[in-house]
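Everything on this sheet refers to the single structure shown next.
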Amino acid sequence: MFVKICGITNEDDALLAVALGADAVGFVFAPSPRQMHPERAREIVNRLPADVLSVGVFRNEMPQRVVEIISKSRLGAAQLHGHEKPEDTAWVAARVPVTIKAFPPGHDGLERLSDYGADIVLLDSEQPGSGKVFDWSLTEGAPLGGRRLLLAGGLSAENVAAAVRKVRPWGVDVSSGVEHSPGRKDPTLLRAFLEAAKSAGKITALEQEQEAEAVRGPRSGPEPYDWSLE
């Protein structure tokens, strides 16, 4: 289970999130109590392990500015969390390593994801950053076209396991659900969230494998030779 901790505003929170098992950290460049300056984000990114994905979060920003900030901050991904047009998203996607495009469930853009060119689809509530949970059943049958699904929207240590079991996303994204104040992460909430998400992800992966095995049916033909019987 891929876990992204968003709304990072300081080095201590970034390093703690990574130490506890986060796979990605997000820096908000849109107007927000958690808004970051590109130079400050770059300083933090330089302290992170190379295998941690650093994500810049934008909302209705000019595509050229998105690419400029991603490059200046040495980020690995751009997350477009507004009403970006398909052609603008595709322009960004052609110039940054990874692109995440956010939609509310049922958005008509989900029907033409190929036009956006994004690598990952993020499903969030109608009011991103509000910390509100949306009806997870609305994700059923979302036309993702084989793209990875990142789930957000009011997630916390208390509900993330249920969300993972219901939606079965590739990953989850949290910000306010692990804070004690805007832009300041709570170590206890961070640990609890990561443990709950990772544990639920392992269980779901096992269930999916069992379901796939049931579809495939019993193995036919001779069993592999067991050399231990020699």
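For segment 44-88, enumerate the residues that are closer than 22 Å to E11 by Cα, assigned to a loop (DSSP other than H, G, I, E, B) and of a type in the set (S, T, N, Q).
Within segment 44-88, N46 is the sole residue that qualifies.
If you go through segment 1-43 one residue at a time, how many are of a type in the set (A, V, I, L, M) and either in a strand (DSSP E or B) or free of Cβ contacts under 8 Å to residues at least 60 places away in the same chain (or both)?
If we filter segment 1-43 for residues that are of a type in the set (A, V, I, L, M), which is where we start, we get 1, 3, 5, 8, 14-20, 22, 24-25, 28, 30, 36, 41.
Now drop any that are not either in a strand (DSSP E or B) or free of Cβ contacts under 8 Å to residues at least 60 places away in the same chain (or both), which leaves 3, 5, 14-15, 18-19, 24-25, 28, 30, 36, 41.
Final tally of qualifying residues: 12.
State which residue is nearest to G21 (Cα to Cα) when the search covers only segment 160-183 and only residues that are more than 16 Å from the chain's Cα centre (by Cα) and not in a helix (DSSP H, G or I).
This residue is E179.
Suppose the filter is in contact (Cβ under 8 Å) with a residue 60 or more places away in the chain and touching a strand residue (DSSP E or B) at 6+ places or on another chain (Cβ under 8 Å); does V164 pass it?
So V164 passes the test.
Can you tell me how many residues within segment 92-125 are assigned to a strand (DSSP E or B) and among the hydrophobic types (A, V, I, L, M, F, W, C)? Steps first, please.
If we filter segment 92-125 for residues that are assigned to a strand (DSSP E or B), which is where we start, we get 98-103, 120-123.
Keeping just the survivors that are among the hydrophobic types (A, V, I, L, M, F, W, C) gives 98, 100, 102-103, 120-123.
The number of residues fulfilling the criteria is 8.
Mind checking which residues of segment 167-193 are in contact (Cβ under 8 Å) with a residue 40 or more places away in the chain and charged (D, E, K, R)?
R168, D173, E179, R184, K185, R191
Within segment 61-75, how many residues are aliphatic (A, V, I, L, M) and exposed (fewer than 13 other Cβ atoms within 10 Å of the Cβ)?
So the count comes out to 1.
Since every read-out is calculated from the coordinates, none of them should be taken as a lab result. Remember, it's a predicted structure, so these values are computed and weren't measured experimentally. Virtual Cβ from ideal backbone geometry, glycine too; neighbours counted across all protein chains shown.
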